[in-house]
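The values are calculated or read from the model by the stated rules, or taken from the named source; none is laboratory data. Quantities reported herein were computed from a predicted structural model and do not represent experimental measurements. Reconstructed Cβ throughout: ideal geometry from the backbone, glycine too, with neighbour counts over all protein chains shown.
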Amino acid sequence: MKLSAALALAAAPSVLGRIAPSGLPLGEIAWGDFVTLACNANLETAQCVPWSSMGYDLNNVVTIDCGVCVEVDVSVLDVFGGMNIIGHLKFPENFKGTLTTPFMAVQGKLTMSSTEPVTDANGAKDGLNVVLTGDSDVNFYPHGENAAACQNIMGESCAMGKKSIAVFGGELDIRGLPDTCPT
């Protein structure tokens with residue numbers, strides 16, 4: 001399944017009931033449309049580099065740069081600061097591991113795919129596990145091309161809420177079942 005969308009966002013209680021110039025409730029959604037980033041025009045043909053070679057500081061927000069493809073090659077990712085995926089973050093097919101992070105903002109592309117059973121023969125979890133952590137709301141500042149989409153009473157940020165995977169003009173390519181599975 002592929003999804004590509006601008007995301008409706010959680011409302012801050014102080015702005016509920018107010019109306020934006022677009023006629024939509026203020027604070028509940030972004031004011032403008034998110035677009036696919038021009039710097040990702042060649043993303044589908046970009047050669048991926050291994051995550052382990054990037055030297056990310058996992059205590060801060062990890063940013064996958066625009067136009068860059070990063071393929072995860074480690075089984076445990078504890079990204080304490082959250083993830084801002086402007087380029088492409090790719091988990092190899094049937095990847096086994098755990099990603100722990102407070103949020104994932106997808107402005108580019110996030111690819112995860114597994115066609116294997118979720119549990120092994122002993123009932124233990126197998127495959128890719130995503131664990132979203134934290135108790136704090138996250139305010140997100142989009143890439144320059146989409147900055148106007150978040151201009152609202154809160155400034156130039158969009159409220160993501162807690163423990164979210166949010167799409168801001170990007171694409172989710174998440175497959176959890178074989179293509180031949182009837183739905």
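Suppose we filter Phe80, Phe91, Phe95 for residues that are touching a residue at least 12 places away in the same chain (Cβ under 8 Å), out of contact with any Cys (no Cβ under 9 Å at 6 or more places or on another chain), over 20 Å from Ile174 (Cα atoms) and of a type in the set (Phe, Trp, Tyr); which single one remains? Just a single option satisfies the conditions, and that option is Phe80. Does Val74 fit the bill of being outside any strand (DSSP E or B), among the aliphatic types (A, V, I, L, M) and surrounded by fewer than 18 Cβ atoms within 10 Å (Cβ to Cβ)? When the stated conditions are applied, Val74 passes them.
On inspection, Thr111 does not qualify as surrounded by 14 or more Cβ atoms within 10 Å (Cβ to Cβ), modelled with pLDDT under 90 and either among the aromatic types (Phe, Trp, Tyr) or more than 12 Å from Gly169 (Cβ to Cβ) (or both).
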